[in-house]
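Below are the structure tokens for one structure; questions will follow.
No lab work stands behind these numbers, since they all come straight from the coordinates. Since the model is a prediction, treat every value here as computed from it, not as a measurement. So basically every Cβ, Gly included, is an ideal-geometry build from the backbone, and we count neighbours across all protein chains shown.
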Ligand code: GRF
């Protein structure tokens, strides 16, 4: 089983996956980020599919063309299972054509509560006393695929976005690798089975 990890940020979740010894064969990023440095430090192959080459972050962004480039990067490394770990671009249909049912994500809230990019802010702003994280299969609809695992994290009265997000990430660094192992053990097969 060959794992490809998609990152955009600091990559601490990626680091936890590598520390767990998961078979990560490539780390793909949509921008220059700490996750690429962590991959290089672990002698894992990297691919930078820079969004700026596909219209950047505004209305001109060519999502399908970008998504195809991500798929090509994953296929260059014979990836079987795609692991999103703080990836900042919503991918479109071409990735689901190839990797349907083989894309996992971790989200810093108890879905379906607080989907989207600002899950931790939104939980705090709503005055939630409990939030958490969700590991799920990614589908075309953002943060909406089948839930595989969830764990609660209590909100403290003095929490900021940073302190709460860090406590959630501590859980994600344990729950995500454990859930990936379960998916691998359940026999997701190789990508060739999707053809
Ligand atoms: C995690 O909280 C993940 O759920 C969210 O982005 C964060 C990634 O953190 N989508 P890091 O860059 O791995 O530290």
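Order by neighbour count: 169, 182, fewest other Cβ atoms within 10 Å first, most last.
Numbers: 169 21, 182 12.
Ranked by crowding around the Cβ, least crowded first: 182, 169.
Related question: Given contacts defined as C-alpha pairs under 8 Å and at least six residues apart, what's the relative contact order of the range 44-195, whole-number percent?
Details: 201 pairs, mean separation 28.9, N = 152.
With pairs under 8 Å counted, the relative contact order is 19 percent.
How much length would be gained if the chain were fully extended between residue 144 and residue 37, taking 0.36 nm per residue of separation minus their Cα-Cα distance, in nm to one decimal? Please list the in-between numbers first.
On the way: separation 107, 0.36 × 107 = 38.52 nm, distance 3.01 nm.
Here the segment from residue 144 to residue 37 would lengthen by 35.5 nm.
How many angstrom separate the Cα center of the range 100-164 from the Cα center of the range 1-29?
Centre-to-centre (Cα) distance: 20 Å.
Note down the nm distance, to one decimal, between modelled labels 7 Å out along Cα→Cβ at residue 137 and at residue 48.
3.5
Just to confirm the number: angle between the C-alpha axis of helix 161-185 and the first principal axis of the chain, 0 to 90 degrees, nearest 10?
It is inclined by approximately 50 degrees.
Can you show me the helix-derived [θ] at 222 nm for the chain, built from DSSP H runs with n ≥ 4 at -39,500 (n - 2.57) apiece and divided by the number of residues, rounded to the nearest 500.
On the way: 6 runs with 69 residues, N = 195.
It comes out at -11000 deg cm²/dmol, rounded to the nearest 500.
Moving on. Between residue 76 and residue 19, what is the spin-label point distance in nm, taking each point 7 Å from the Cα along the Cα→C-beta axis?
If labels sit at residue 76 and residue 19, their model points lie 3.0 nm apart.
Would you mind putting 58-70, 106-118, 25-37 in packing order, based on average other-beta-carbon counts within 10 Å, highest first? Show your work: numbers first, answer last.
Values: 58-70: 15.3, 106-118: 18.0, 25-37: 20.7.
Descending mean neighbour count gives 25-37, 106-118, 58-70.
Quickly work out the residue 125-to-residue 182 label distance, labels modelled 7 Å from Cα along the C-beta direction, and quote it in nm with one decimal.
Label-label distance for residue 182 and residue 125, simple model: 3.2 nm.
Want the number for residue 10 to residue 163: 0.36 nm per residue separation, take away the alpha-carbon distance, what's left?
Working: separation 153, 0.36 × 153 = 55.08 nm, distance 1.57 nm.
Gain in length upon complete extension: 53.5 nm.
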